[in-house]
1. Looking for something surrounded by fewer than 20 Cβ atoms within 10 Å (Cβ to Cβ) and assigned to a strand (DSSP E or B) - is there at least one such residue anywhere in segment 232-248?
2. With the requirement that a residue be part of a strand (DSSP E or B) and acidic (D, E), what does segment 249-263 give you?
3. Take segment 380-406 and flag every residue that is assigned to a strand (DSSP E or B) and of a type in the set (S, T, Y).
4. Is there any pair linking a residue in segment 237-252 that is closer than 14 Å to L303 by Cβ to one that is outside any loop (DSSP other than H, G, I, E, B) and small (G, A, S), with Cβ under 9 Å and at least six apart or on different chains, and which?
5. If a residue must be in contact with a helix residue (DSSP H, G or I) (Cβ under 6 Å, 6 or more places away or on another chain) and not in a strand (DSSP E or B), how many such residues does segment 280-308 contain?
6. When you scan segment 278-294, do you find a residue that is among the charged types (D, E, K, R), exposed (fewer than 13 other Cβ atoms within 10 Å of the Cβ) and over 30 Å from S134 (Cα atoms), even just one?
7. Does segment 88-106 contain any residue that is modelled with pLDDT under 85, over 17 Å from the mean Cα position of the chain (by Cα) and not in a loop (DSSP other than H, G, I, E, B)?
8. Hey, can you tell me all the residues within segment 343-368 that are in contact with a Ser or Thr (Cβ under 9 Å, 6 or more places away or on another chain), of a type in the set (S, T, N, Q) and surrounded by fewer than 16 Cβ atoms within 10 Å (Cβ to Cβ)?
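The values are calculated or read from the model by the stated rules, or taken from the named source; none is laboratory data. None of these values were measured; they are calculated from a predicted model. Neighbour counts run over all protein chains shown; Cβ positions are idealised from the backbone, glycine included.
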Amino acid sequence: MHASASARAVLASGFSVIAFAACAVATPAFAQVAPDAAAPQEAQADGNDIVVTANKRSTTIQNVPFSINAQTAEDIRRSGATTLEDVSRNVAGLAIQNLGPGQSQVGIRGVSAGQVARDQPGVKEQVGIYLDESVISLSLFTSDLDLYDLNRIETLRGPQGTLFGSGSVGGTIRYITNQPTTSRIEGSVEANVNVVDEDALGGHLKGAINLPLSEKVAVRAVGYYTRYAGFIDARREGGGIDKNVNDGERYGGRIAVLIKPVEGLSITPRFIYQKIDVNGFNRQERYNLFANSFTTTRPKVTLGEREQYLLLDEKFTDDIKIGDLTIQANVKGVDITTVTSYTDRNILVSRDASALTGSVSVDLGFPTAAVLLPSNLRDTTKVTSFTQEIRFASAYASPFQWLIGG
């Protein structure tokens, strides 16, 4: 059973506070192909029309000449989504294979990098993932960024090779964040507490604030912490049991500064940091070389529901830093945009491979002492990426519109 209680407060201009609380008991959720959600009600809107930037310019979603789904902040809040996997349940053709926090693979219309393998996190994804203008899909495991203070999530069904690169064979997913604004002070706070399997405690605390420093400068900052409750127990040598070995945490934030030195020019530097630290993997074992009902050299063990057998502790960490600079200018009816981005990501997969090496030792006829030797498999992936994009787009009323860049 999974029970949760959450509360959220919104601080708007004039420091008026709106708060609400909810308590719910969730039933198990199953992956499914769902129809596109109804037209969202929030995000950038022109009347009742949703304005998106899927074709690198602001336009209503009805006028985008390819298949797109936009989940607004209101859609995300109403559905209670906290991960991209949650969002995928409301987007037709979007599928997420999730092995745990930070270990998701994205597929659109059935196109993905193939079977998910924890030992190969460096394999390139086949769906492009963008945070605003910066690409973040640099490895098989999609960056499991927190969805707090997003304006919307755009899902562009692929292929999307014309306007988006970075392996957008299956399509492109764009996290569109709320940008700094000089027009008002605003902020929000959200808290959640949940209990999994009656004894594992989880929850999160998140906050965002926008502060105008002058008529030409504003700062927007977001911070968050999430505690993942575990639900997998590990049996150990000697009969001991470690409870909830797959628990962990995610924390991070982002800060952006908007500078508008003159009319028609905006400069927005930004820094994003996030770390995921998980103490084990979402793995249920039915058979283990060291724990099974067929052995004749060791005590027989029958693994139960949500159990595994470990000789060594396991670990998964995903540390990502992103720095980007976006400059936008309008010169005589032409929008000029330049985006400079640098990403540094480090992934560690530390697994107990004792059963694997032990089975090989048995086949080779090694003595029992050698078979029982603990074996640790550590896979480290370091990815650094520098990208530079500049584009020019028409910004005047005309039947003929153009965009060029690279």
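1. yes
2. Looking only at segment 249-263, we keep the residues that are part of a strand (DSSP E or B), and these are 249-259.
Selection gives E249 alone.
3. In the first step, residues of segment 380-406 are kept if they are assigned to a strand (DSSP E or B); the result is 380-394, 403-405.
Within segment 380-406, T380, T381, T384, S385, T387, S394 meet the criteria.
4. From segment 237-252, the pairs are I241/A234; D242/A234; V245/A234.
5. Just the residues of segment 280-308 that are in contact with a helix residue (DSSP H, G or I) (Cβ under 6 Å, 6 or more places away or on another chain), to begin with: 288-289.
Now restrict to residues that are not in a strand (DSSP E or B): 289.
Going through segment 280-308 one residue at a time, the tally reaches 1.
6. Just the residues of segment 278-294 that are among the charged types (D, E, K, R), to begin with: 283, 285-286.
Keeping just the survivors that are exposed (fewer than 13 other Cβ atoms within 10 Å of the Cβ) gives 286.
From what's left, over 30 Å from S134 (Cα atoms): 286.
The answer is yes, given that some residue of segment 278-294 is among the charged types (D, E, K, R), exposed (fewer than 13 other Cβ atoms within 10 Å of the Cβ) and over 30 Å from S134 (Cα atoms).
7. The answer is no; no qualifying residue exists.
8. Selection gives N346, T368.
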